[in-house]
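Throughout, read-outs are computed from the coordinates displayed, never taken from laboratory work. Everything numeric here is computed off the predicted structure, so don't read it as measured data. Cβ placement follows ideal geometry from the backbone for every residue including glycine, while neighbour counts extend to all protein chains displayed.
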Amino acid sequence: MALSALNAAWLIARKDLTIEFRTRTAFLSALVFALMAIVIFYFSWDPTAIPAGDLAPGVMWVIFTFSGLLGLHRSFGIEQQDRAIDGLLGAPVAREAIYLGKALANLVFVVGIQMVAIPAVALFYNVSVISVAPALAAIALLAAVGLVAVGTLFGSMAVNTRLAELLLPVLSLPFFVPVVVPAAQATAKLLNGRPIAEVDGWLRLLGAFDIVFVTVCMLAFPYTIEE
Amino acid sequence: MTAIEAHGLTRAFGRRMAVDGVDLSIASGDCMAIFGPNGAGKTTLLRLLGGLLKPSAGTATIGGVRIPSGDEGRGAVGVIAHATMLYGALSGRENVEFAARLHGVRNYRDAATAALDKMHVLDRASAPVRALSRGMQQRVAIARAIVHAPSVILLDEPFTGLDYAGASALTVLLGTLRVGGAALVLVTHNIAEGLAIATHASIMREGRFARSEKRASIDADRYQSEYRELVSHGT
């Protein structure tokens, strides 16, 4: 009896998260990178020249973008060791389900980084995020979906190349821009105390990008994974 | 009943033809051993039959289902390859259960236990795969490949890394699977090993079958020398 695509995706995501939970290689690397970046930005910051509310959103989204890449690279890296990917490709599951499973695990990874990094940024830059927490969480989640949708696709393409570590950011970053720009803009407005109604447009834009990116990347995925 | 059928199966990598117009037909319960030198196209042929590679031309069907397009066709195949296809951070049991669940096996726990037991690796099943020796990993990989009771099993040098006990367990297992109606395709360099299991034997060279015959008509000693001559002639 063949598995439904959603069940297969959930199974693959759970497997990836179990492996990451046991090895913690990518998450710890991403976390160390995130905290290092926060500290470096903090010590190079002149609070008298730039208000915290203007700098913190940029710091946040630089961190999410680059630390997310570490997890995205690892996602298909674990499949290449001992050609475990052949086990997935040989199973009677739709290629799209493999993409969804990988993307779901990557989403949990990026959201995990965000859950540590957002409070850390708030602490270092002394910005209040509690009052805008639901809206900020919505921005972070919507942007994470977009980043992961694109990054998972390019991760599968890059992993078979000799310069995978270089190729993944080169391919992904231009496609991250439409997600990171509205996310950073919306975050800046929230942290500067603007009303939530002002970020509504950015949220809709992020939602639209997510729908387009998830759909296009899921449809393109089978062509990148099959030899 | 025909389990595997291929017509004009071809796969090119750039300008090199790894598999060049192969025709084959294997019935349920048969085992075809494929011999050949390195680079003959044996592994590529197995990957094509397993739906892991797309053919450049030609067609292949597993149980009447065309591959690689049909999920159903892939589900009927078990692949044992050079690489173990296992996740090092997961235990042997977790790897086998994961494969069983991907193949939609209902009682995946029982199926995994049975498969691991057949390969005499049940007592080490809870250890992470990366902590196992190469031979034990190969046993787990074989358990992973058979856990969903496939009707077609593709074996690429399956005895690699196995000790005597592991090789014996595999030989017994393959015999049982054949009797149960599974069709086997075995790629190996070891002619004695291959002929011990096979019902049909083929020699592959430069992407094509240079000769194919029934095992019953083969004299093992003469076949070895003829194989060496055929292979050295082509190099």
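Based only on the alpha carbon positions, what is the Kirkwood hydrodynamic radius of the stretch A:68-190, in angstrom?
Details: mean 1/r = 0.0638 Å⁻¹.
Over the stretch A:68-190, the inverse of the mean reciprocal pair distance is 15.7 Å.
Report, in degrees rounded to the nearest 10, the 0 to 90 angle that the Cα long axis of helix B:134-146 makes with the longest principal axis of chain B. That helix lies at roughly 90 degrees to the long axis.
Ranked by the mean number of other Cβ atoms within 10 Å of their residues, highest first, the peptides A:83-96, B:200-213, A:36-49 come out as A:83-96, B:200-213, A:36-49.
Which entries in B:54/B:118; A:15/B:42; A:102/B:118; B:42/B:118 show an alpha-carbon gap greater than 29 Å? Before the final figure, lay out each step's value.
On the way: B:54/B:118 32 Å; A:15/B:42 32 Å; A:102/B:118 32 Å; B:42/B:118 27 Å.
Where the Cα-Cα span goes over 29 Å, the pairs concerned are B:54/B:118; A:15/B:42; A:102/B:118.
Helix B:164-179 versus the longest principal axis of chain B: what angle, 0 to 90°, nearest 10, using Cα atoms? Taking the Cα atoms of chain B, the angle to B:164-179 is about 70 degrees.
Roughly what % of Cα-Cα distances in the protein assembly as shown sit above 44 Å, to the whole percent?
Values: 26014 of 106491 pairs.
Cα-Cα pairs in the protein assembly as shown separated by more than 44 Å: 24 percent.
Here the extension length gained between residue B:213 and residue B:82 equals 44.6 nm, from 0.36 nm per residue of separation less the Cα-Cα distance.
What is the stretch A:5-225's relative contact order, in percent, from Cα pairs under 8 angstrom and six or more apart in sequence? Provide the component values of the computation, followed by the final result.
Details: 256 pairs, mean separation 62.2, N = 221.
Computed over the stretch A:5-225, the figure is 28 percent.
Measuring spread by the Cα atoms of chain B yields a radius of gyration and Dmax of 17.3, 52 Å.
Note on the stretch A:5-225: the alpha carbon radius of gyration divided by the globular reference 2.2 N^0.38 Å gives 1.03.
Roughly how many debye, to the nearest 20, is the charge dipole of the stretch A:1-159 about its Cα centre, given +1 on each Lys and Arg Cβ, -1 on each Asp and Glu Cβ, and no other charges?
On the way: 8 positive and 8 negative charges, 70 e Å.
With Lys and Arg at +1 and Asp and Glu at -1, about 340 debye.
Take B:45-54, B:19-28, A:170-179 and order them by the average number of nearby Cβ atoms within 10 Å per residue, most first; the result is B:45-54, B:19-28, A:170-179.
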